[in-house]
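What follows is a single structure, written as structure tokens, with notes after it.
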Number of protein chains: 2
Amino acid sequence: MDFQSCFPIWDKLNTDQQNRILGSLVSPHVKKGTVLHNGSMDCTGLLLIKSGQLRVYILSEEGREITLYRLFDIDMCLFSASCMLRSIQFDVTIAAEKDTEFWVVPAEVYKGITEESAPAANYTNELMASRFSDVMWLMEQIMWKSLDRRVASFLLEEASIEGTGKLKITHETIANHLGSHREVITRMLRYFQNEGMVRLSRGVIEITDTDKLEELSAS
Amino acid sequence: MDFQSCFPIWDKLNTDQQNRILGSLVSPHVKKGTVLHNGSMDCTGLLLIKSGQLRVYILSEEGREITLYRLFDIDMCLFSASCMLRSIQFDVTIAAEKDTEFWVVPAEVYKGITEESAPAANYTNELMASRFSDVMWLMEQIMWKSLDRRVASFLLEEASIEGTGKLKITHETIANHLGSHREVITRMLRYFQNEGMVRLSRGVIEITDTDKLEELSAS
């Protein structure tokens, strides 16, 4: 697997642009938990994930968090290059949720290429539109969907990502994904347990009735 | 005032592109209350507002609303051309809050130009980044700010737009801007009245203590 075959607009760049990317490309590994981007302080560049998992979230002044979206293999991470987009006036944090390997096209290299290449600029546009759609989906969840349904959806999504119904996740972590408080999540999970949808034990939430959880999530 | 002088990247387009815009440009007037764009059903094009005021909002299945942002003189409206952005997977409604005059560059004309012009594609990018920032601001308000502070901010914003502290606005309309319910807004406004910040009368909310309202809004 090489960068060229994973970068969707590679063939639309000219040789000079391709060489500028290849000449500046770096390919770091980071451990689970590493913060890759922290608001406006960083501007690493455009990331292309080889393998692993990133979480993009916002932080309140009081330290509360909410997950905007997650990125997986072959996904592009645009906001790690947010400095190249003058009109982006918000800060996100990007952290590795698993050990992650990725390529980085430095921000100034990618900026230079988008300034001269309509395909690159339009590709950036499509990336931003995708993330914008993720955030609008989240906004609709928050506005119109009650927390029980959001917790149900989160558990199902997590089970699908991990490929198991036995989730090693703390109530605090769920609260940080959903912009809620640990106590509220604990209460909700106990209610789910009473309803037979999950079984709670130390550090593990086991899904015991996927159908019922799906029904709640879709209601 | 002509389109050329209001469209920021006019000088970066070539003569052919400029002629395609001028040859397809239309300039409608709409009355207050007109719905200009209704989810994925419409794809008018890129709008440039000559004068007036547009409101961009989302609607829940139950008919609840929340305002994403508003557009004023010389603002560009991109989501009225959302069909040209493949990766935009959400629907917004755009309505005139005042009698509004604007230019329309048809979506297929603007799409054709962004495909060949890096400056046009980058400009579209900046527009999207601005609206994305508006929505992220709103998301942070909803997540971290209590409703009393959001109502205070809304009244101050409204007074600034209208140039008067005597606001002719219903409690239902405020609820629709903030994604809340009429009863909740009425209760909040009565609390504001008890605190001496506003005076309520039939169809009018009068701001009586701007400082106190500003203090609450910023808290």
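Looking at region A:201-210, which of the residues that are over 26 Å from the mean Cα position of the chain (by Cα) and not β-branched (Val, Ile, Thr) is least open to solvent (accessible area, probe 1.4 Å)? Walk me through it before giving the result.
From region A:201-210, those over 26 Å from the mean Cα position of the chain (by Cα) are A:201-202, A:208-209; that's our starting set.
Cutting the leftovers down to not β-branched (Val, Ile, Thr) gives us A:201-202, A:209.
Values: A:201: 74, A:202: 228, A:209: 51 Å².
Only one residue fits best here, namely A:209.
Test residue B:106 against the criterion of being open to solvent by 10 Å² or more (accessible area, probe 1.4 Å), away from chain A (no Cβ under 12 Å) and within 30 Å of residue A:116 (Cβ to Cβ), and give yes or no.
Answer is yes for this residue.
Counting just the residues of region B:146-185 that are acidic (Asp, Glu) and free of Cβ contacts under 8 Å to residues at least 24 places away in the same chain, which one comes out least open to solvent (accessible area, probe 1.4 Å)?
This residue is B:158.
For region B:189-200, give me each residue that is open to solvent by less than 30 Å² (accessible area, probe 1.4 Å) and either touching a Ser or Thr at 6+ places or on another chain (Cβ under 9 Å) or modelled with pLDDT under 90 (or both).
B:197, B:198
Specify the residue that is least open to solvent (accessible area, probe 1.4 Å); the eligible residues are those in region A:60-100 that are within 12 Å of chain B (Cβ to nearest Cβ) and of a type in the set (Lys, Arg).
So, considering only residues that are within 12 Å of chain B (Cβ to nearest Cβ) and of a type in the set (Lys, Arg), the one least open to solvent (accessible area, probe 1.4 Å) is A:64.
The rows are residues; the columns are (1) among the charged types (D, E, K, R); (2) over 14 Å from residue A:78 (Cβ atoms); (3) touching a strand residue (DSSP E or B) at 6+ places or on another chain (Cβ under 8 Å); (4) facing chain B (nearest Cβ under 8 Å).
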site: A:116; (1), (2), (3), (4): yes, yes, no, yes
site: A:124; (1), (2), (3), (4): no, no, no, yes
site: A:130; (1), (2), (3), (4): no, no, no, yes
site: A:138; (1), (2), (3), (4): no, yes, yes, yes
site: A:146; (1), (2), (3), (4): no, yes, no, no
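Residues that are within 22 Å of residue B:99 (Cα to Cα): find the helices (runs of 4 or more DSSP H) completely inside region B:120-219 holding 2 or more of those.
In region B:120-219, the matching helices (runs of 4 or more DSSP H) lie at B:147-162, B:171-178.
The values are calculated or read from the model by the stated rules, or taken from the named source; none is laboratory data. These numbers were taken from a predicted model, which means no experiment stands behind them. Backbone-built Cβ (ideal geometry, glycine too); neighbour counts: all protein chains shown. Ligands, DNA and RNA are excluded from the accessible area calculation, which covers all protein heavy atoms including side chains. Shrake-Rupley method; radii C 1.70, N 1.55, O 1.52, S 1.80 Å.
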